[in-house]
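The values are calculated or read from the model by the stated rules, or taken from the named source; none is laboratory data. Because the structure is predicted, anything quoted here is derived from the model rather than measured. Methodologically, a virtual Cβ is constructed for each residue, glycine included, from the backbone with ideal geometry; neighbour enumeration extends over all protein chains shown.
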Amino acid sequence: MGVKIGVLALQGDVAEHITAFREALADRPGSTVVPVRHAADLGDLDALAIPGGESSTISRLIGKNGLYEPLAGFEGGIFATCAGMVLVADRVDDPRVRTLGLIPMHVARNAFGRQVDSRETSLNIAGLADPFRAVFIRAPVATEIGSGVEVLARIPEGIVVVRHGRHMAFAFHPELGGDLRLHRTFLEGLGI
Ligand code: GLN
């Protein structure tokens with residue numbers, strides 16, 4: 001059966017997420033990947049990606065588009081990257097971001113310092129046989145996690161991959177670079 005994935009399309013690297021999930025689902029006939037801008041778009045989705053971008057901007061647009069409650073109550077899995085990781089947390093060090101409270105964790109924005117805009121690291125991630133080439137761009141880290149949150153990867157600055165039930169969050173950008181192992185891990189975790 002086909003799978004339907006949405007990508008929150010308010011700001012950020014939406015096109016890259018759509019392309020990556022389309023590739024990850026290429027062998028699943030009838031699957032679709034669609035942009036999400038309004039609550040009605042969430043209705044029949046199996047999962048939703050929340051992209052990287054600027055979490056304070058995305059947070060403002062979530063409010064403007066009446067998406068806060070529908071996203072906070074979303075019943076599918078969420079694949080959150082970078083700014084998306086900030087948004088799915090339940091606490092953040094920046095009052096301009098209203099987090100969705102989907103994963104009990106505290107997140108620090110721009111945790112690598114202002115000088116270090118981006119960095120590529122070979123990262124060991126629990127569940128993957130070989131390291132993942134992780135692209136960090138003005139990335140957050142999780143500094144504390146609540147119960148039920150599984151840490152799948154950490155670096156000296158903090159926690160960079162977590163799973164919480166049907167949701168996964170990444171401080172870096174698995175949608176860049178063409179390695180789709182984390183997309184497949186996420187889909188397998190949902191049983192789809
Ligand atoms: N620094 C951004 C934020 O906190 C995230 C950067 C990104 O998504 N690449 O919103």
Among the candidates THR19, THR32, which residue alone is touching a Lys or Arg at 6+ places or on another chain (Cβ under 9 Å), among the hydroxyl-bearing types (Ser, Thr, Tyr), more than 16 Å from the ligand (Cβ to nearest atom) and at pLDDT 95 or above?
THR32
If a residue has to be within 16 Å of the ligand (Cβ to nearest atom) and among the hydrophobic types (A, V, I, L, M, F, W, C) to count, how many in segment 1-16 make the cut?
6
Across segment 72-96, which residue is surrounded by the most Cβ atoms within 10 Å (Cβ to Cβ) among those that are away from the ligand (no atom under 16 Å from the Cβ) and free of Cβ contacts under 8 Å to residues at least 60 places away in the same chain?
PHE74
Find all pairs meeting these conditions: Cβ atoms under 7 angstrom apart; at least six residues apart or on different chains; first residue within segment 48-60 and closer than 15 Å to ASP94 by Cα and without any contact (Cβ under 8 Å) to a residue 12 or more places away in the chain; second residue in a helix (DSSP H, G or I) and small (Gly, Ala, Ser).
none
For segment 112-120, does any single residue satisfy the condition of being modelled with pLDDT of 95 or more, within 25 Å of GLY12 (Cα to Cα) and in a strand (DSSP E or B)?
no
I'd like the full set of residues that are within 12 Å of the ligand (Cβ to nearest atom) and acidic (Asp, Glu), limited to segment 97-140.
ASP117
Report, by residue number, each residue of segment 34-59 that is over 17 Å from THR185 (Cα atoms), hydrophobic (A, V, I, L, M, F, W, C) and in contact with a strand residue (DSSP E or B) (Cβ under 8 Å, 6 or more places away or on another chain).
VAL34, VAL36, LEU42, LEU45, ILE58
Within segment 27-44, is even one residue closer than 21 Å to PRO95 by Cβ and of a type outside the set (Phe, Trp, Tyr)?
no
